[in-house]
Amino acid sequence: MTSEDQSQDTQLSAIAQALGRIPSGLFIVTTTDTSGTTGFVASLVQQVGFAPPTIAIAVSRERGPFEAILENGRFSLSLLDKSSSGLMGRFFGKLKDGETPFDGQQMHITAAGSSVFCDALAWYDCKLLKNGYDNGDHHVLFGVVEEASLSHEGEPLIHLRKNGLGY
Ligand SMILES: Cc1cc2nc3c(=O)[nH]c(=O)nc-3n(C[C@H](O)[C@H](O)[C@H](O)COP(=O)(O)O)c2cc1C
């Protein structure tokens, strides 16, 4: 390894460490159409505007629901707290044949027909803005919050990472 490579590695690991200290919440992103609801656990989520109230999410192109969000023109977020953290297991654990992460869960249907988790600390139903941003391994999508609800009092889960170049 050349000294230039070594210095690049050192810089990358400094970037990874520093990025990992940026706190985020933990969310389930969902999108719903007539064929059903799909979703995934997400941490690359941030409010990026007040008027209109706007949220940005970063979605890997490999993520199944990515195309569905583009087709539906909507996405929703369920913000997790300690009491709803178990919902993540529905997306990472092994499911039985034909089972979906949503089976047996209490879902709330928003005015626009999106599905969000009743057990979440809060939820946000967003209309996708036309202009997103293709940024390498993730697409940044913007949504205007059309309806939202804080379900109960409590603190959101805060997600920090040892290595900010991964989830
Ligand atoms: C803590 C955490 C945060 C994540 N955040 C995002 C995210 O913001 N965007 C994304 O596209 N995927 C994100 N993922 C990955 C998806 O949840 C992914 O579907 C999941 O890891 C399962 O991987 P698979 O699609 O390879 O089965 C995250 C994963 C974890 C564990």
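Looking at V45, V59, V29 in this structure, which one is in contact with a Gly (Cβ under 7 Å, 6 or more places away or on another chain) and near the ligand (Cβ under 7 Å from one of its atoms)?
None of the others qualify; the one that does is V45.
D33: out of contact with any Lys or Arg (no Cβ under 7 Å at 6 or more places or on another chain) and either over 24 Å from L128 (Cβ atoms) or of a type in the set (S, T, Y) (or both), yes or no?
Against the criterion (out of contact with any Lys or Arg (no Cβ under 7 Å at 6 or more places or on another chain) and either over 24 Å from L128 (Cβ atoms) or of a type in the set (S, T, Y) (or both)), D33 does not qualify.
Can you tell me how many residues within the stretch 109-167 are over 16 Å from K82 (Cβ atoms), in a loop (DSSP other than H, G, I, E, B) and within 16 Å of the ligand (Cβ to nearest atom)?
So the count comes out to 10.
Give me the pairs: first residue in the stretch 109-126 and at pLDDT below 95, second residue open to solvent by 10 Å² or more (accessible area, probe 1.4 Å), beta-carbon distance under 7 Å, and six or more apart or on different chains, which are they?
Every condition considered, no pair remains.
Residues of the stretch 93-108 being away from the ligand (no atom under 15 Å from the Cβ) and of a type in the set (K, R), which ones?
Passing the criteria: only K96.
Criterion first (within 23 Å of G136 (Cβ to Cβ) and within 12 Å of the ligand (Cβ to nearest atom)) does R90 satisfy it?
No: the conditions fail for R90.
Name the one entry in T10, T2, T54 that is closer than 22 Å to T110 by Cα and out of contact with any Leu (no Cβ under 6 Å at 6 or more places or on another chain).
T54
The values are calculated or read from the model by the stated rules, or taken from the named source; none is laboratory data. In this text the structure is predicted, and so the values were computed from the model without any measurement. Virtual Cβ from ideal backbone geometry, glycine too; neighbours counted across all protein chains shown. With ligands, DNA and RNA removed, areas are computed over all heavy atoms of the protein, side chains included. Shrake-Rupley method; radii C 1.70, N 1.55, O 1.52, S 1.80 Å.
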